[in-house]
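Note sheet for the following structure.
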Amino acid sequence: MTGSKVIVAIRVKASPAEAFQVFVDEIGAWWRPNMLFAFTPRDPGALSFEPGANGRLIETRAGGKVFEIGKIRAWEPPDRLVFGFRQATFTPEQDTEVEARFEAIGDGETRVTVTHTGWDSIPQAHVARHGFPNTILLTRLGEWWRTLLVAYKDEQVERG
Amino acid sequence: MNAALDLTLAALADPHRRHVIELLRVQPRPAGELAREVGLAPAAMSRHLRALKESGLVEDSHPAFDARVRVYALRPGPMAELKAWLEETERLWSEQLVAFKAHVER
């Protein structure tokens, strides 16, 4: 379905080769853990790519346990990278895919475009729970509480 | 609520049904017209329309002038849930790319 594709792009001051390399080699440093998109129900771990055509994107938790987020499906440095993107709550058949493209746009800059597809690709045979809307709701609720608590703390500091 | 979204996604997994949704995004249409546009036999289309109806994606009604005709239209609810999830995905990647940019340009 045309409406089920998410495309986000950004310009960075780096060559496509540099951007590609940092995207892959340093994902553990730039990725921001996100409650809503937590890969496993546990505390978030460190993300890393095992680079190359047969590589994968994994999350390693503090205890050393590894969760495979997805295999690399296209390895075309410095232009393009495609990998699977699964959360632990997905059914075995459910799968989404991320494509990252790196295009030189002059002045030493690169446009990085991420296309995320597959949210509507669940086979009909296996209709299982994954809890998207509830998670959205809970995350919003969590953010609201965090904001309240920060405001509360600031208030206490000012008074103290 | 989760079960509802599961049904939505399952209904959308079929290309014919996605085609129907695309057509209904423009305007409500009678079943016969949908079958012709998608290139399916009326019986096959009727099965797809039943699945879409069960998922809550579409609803049918009879026009006031003819009780034999069923007109199908999109229901906003389930699509809105999927849309909300896609918006969250977009938000995720916007945040990640901003963090990536800051990291690359550090």
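Looking only at residues in the range A:76-94 that are without any contact (Cβ under 8 Å) to a residue 60 or more places away in the chain and crowded, with 17+ Cβ neighbours inside 10 Å, which one is farthest from the chain's Cα centre (by Cα)?
A:94
I want to confirm something. Restricting to the range A:27-67 and keeping residues that are surrounded by fewer than 16 Cβ atoms within 10 Å (Cβ to Cβ) and either touching a His at 6+ places or on another chain (Cβ under 8 Å) or of a type in the set (A, V, I, L, M) (or both), which single residue is modelled with the lowest pLDDT?
In this case the residue turns out to be A:35.
Quick grid of which residues meet (1) under 15 Å from residue B:12 (Cα atoms); (2) surrounded by 17 or more Cβ atoms within 10 Å (Cβ to Cβ); (3) at pLDDT below 90; (4) in contact with a helix residue (DSSP H, G or I) (Cβ under 7 Å, 6 or more places away or on another chain):
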| site | (1), (2), (3), (4) |
| --- | --- |
| B:33 | no, no, no, no |
| B:42 | no, no, no, yes |
| B:45 | yes, yes, no, yes |
| B:48 | yes, yes, no, yes |
| B:52 | yes, yes, no, yes |
| B:65 | no, no, yes, no |
| B:69 | no, no, yes, no |
| B:72 | no, yes, no, yes |
| B:75 | yes, no, yes, no |
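Would you mind telling me which numbered condition in (1) within 14 Å of residue A:114 (Cβ to Cβ); (2) away from chain B (no Cβ under 14 Å) residue A:81 fails?
(2)
Within the range B:19-37, can you find the residues that are of a type in the set (A, V, I, L, M, F, W, C) and over 15 Å from the mean Cα position of the chain (by Cα)?
Residues satisfying the conditions are B:31, B:35.
Would you please name the residue that is nearest to residue B:102 (Cα to Cα), looking only at residues in the range A:6-54 that are aromatic (Phe, Trp, Tyr) and in contact with a Leu (Cβ under 6 Å, 6 or more places away or on another chain)?
Top of the filtered list is A:31.
The values are calculated or read from the model by the stated rules, or taken from the named source; none is laboratory data. These figures come from a predicted structure and were not determined experimentally. Every residue, glycine as well, gets a Cβ built from its backbone with ideal geometry; the counts of neighbours run over all protein chains shown.
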